[in-house]
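Let me begin by presenting the structure, written as structure tokens, before commenting on it.
Computed from the coordinates by the stated procedures, all read-outs in this text should not be read as laboratory data. Keep in mind that this is a model prediction, so the values were computed, not measured. For neighbour counting, all protein chains shown are included, and Cβ atoms are generated from backbone atoms with ideal geometry for every residue, glycine included.
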Amino acid sequence: MIDDFQHVCITCRDLERSVHFYERLGLKVIKRIGEVKEEGIAQALQLPRCHNTVVYLAPPQATSKMFIDLVQWLEPPSTGEAYPTLNHVGINRLAFRVSDIDATTAALREKGITFLSQEPQSFGQGIRSIVTTDPDDMVKAARLCECSFNSSKVCRRPLPFCGTPLTESLPCIN
């Protein structure tokens, strides 16, 4: 059975350009794996070869151990196009929790990050969100979320559920 989340792997065309983007969002490089040539990875992923370069990134104050596994494939090279829309089948969003979305948005704009909307959008009960894209336009929604709930019935589980409003369909399982 699954015990926990480990990482999210994002394939990019230019590793250093993508590292710079995620650092501007506030993530830190936690490990540079460098070049990897592994026959076992090629076999597991059903590829003819495996030669890539890898960097791990995570928020500096993260309480979970989950990280981004950023990969640039050298052989075979990274290929493909970005999803045309967010309702395309497959993983299409990566959300980051922030405590002050207005201040975070302003700080990121000063660092040259652009967003799909001018201001954070509100939806659901107490959720505000704004969306940006990574350099390859692959993470269509590197989404910043600020959750502030008026209810005292809030989940106390570890990430990613902590702070989620409790409902019949999402009971807290502390």
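Details
- Residues CYS145, CYS12 arranged by fewest to most Cβ contacts within 10 Å: CYS145, CYS12
- Spacing of the two label points (7 Å from each Cα toward its C-beta) at GLN46 and HIS20, in nm: 3.6
- Taking amide H positions as modeled 1.01 Å from N, with prolines and chain starts lacking one, the residues under 5 Å from ILE30 and 5 or more places away or on another chain are TYR56, LEU57, ALA58.
- Each residue of segment 71-84 was assigned a 3J(HN,Hα) from its phi angle through the Karplus curve 6.51 cos²θ - 1.76 cosθ + 1.60 (θ = phi - 60°); the sequence is 10, 10, 7, 9, 8, x, x, 4, 9, x, 10, 5, 4, x Hz, with glycine and proline shown as x.
- Reference-scaled alpha-carbon Rg (2.2 N^0.38 Å with N residues) for segment 35-77: 1.40
- In this structure the amide hydrogen of LEU74, modeled in the peptide plane, comes within under 5 Å of the amide hydrogens of HIS51, ASN52, THR53, none closer than 5 places in sequence on its chain.
- Neighbour-count order for GLU38, GLU146, fewest beta carbons within 10 angstrom listed first: GLU38, GLU146
- Contour excess over end-to-end distance, with Cα ends at HIS88 and VAL29 and 0.36 nm allotted per residue: 18.3 nm
- ³J(HN,Hα) computed for each position of segment 33-48 - Karplus, 6.51 cos²θ - 1.76 cosθ + 1.60, integer Hz, glycine/proline x: 6, x, 6, 10, 10, 9, 4, x, 5, 4, 5, 4, 9, 6, 10, x
- Cβ-based net charge around VAL98, under 12 Å, with every Lys or Arg adding one and every Asp or Glu removing one: 0
- Protection proxy ranking, highest mean first, for peptides 55-61, 5-11: 55-61, 5-11, where packing is the per-residue count of other beta-carbon atoms within 10 Å, averaged.
- Cα-derived Rg over Rh, computed across segment 1-79 with Rh taken as Kirkwood radius: 1.00
- Per-residue 3J(HN,Hα) values for segment 5-12, derived from phi via the Karplus relation 6.51 cos²θ - 1.76 cosθ + 1.60 with θ = phi - 60°, read 7, 10, 7, 10, 9, 10, 8, 10 Hz in sequence order (x marks Gly and Pro).
- Taking amide H positions as modeled 1.01 Å from N, with prolines and chain starts lacking one, the residues under 5 Å from HIS7 and 5 or more places away or on another chain are PHE67.
- As a proxy for reagent exposure, SER117, SER129 were ordered by neighbouring Cβ count within 10 angstrom, fewest first; the result is SER117, SER129.
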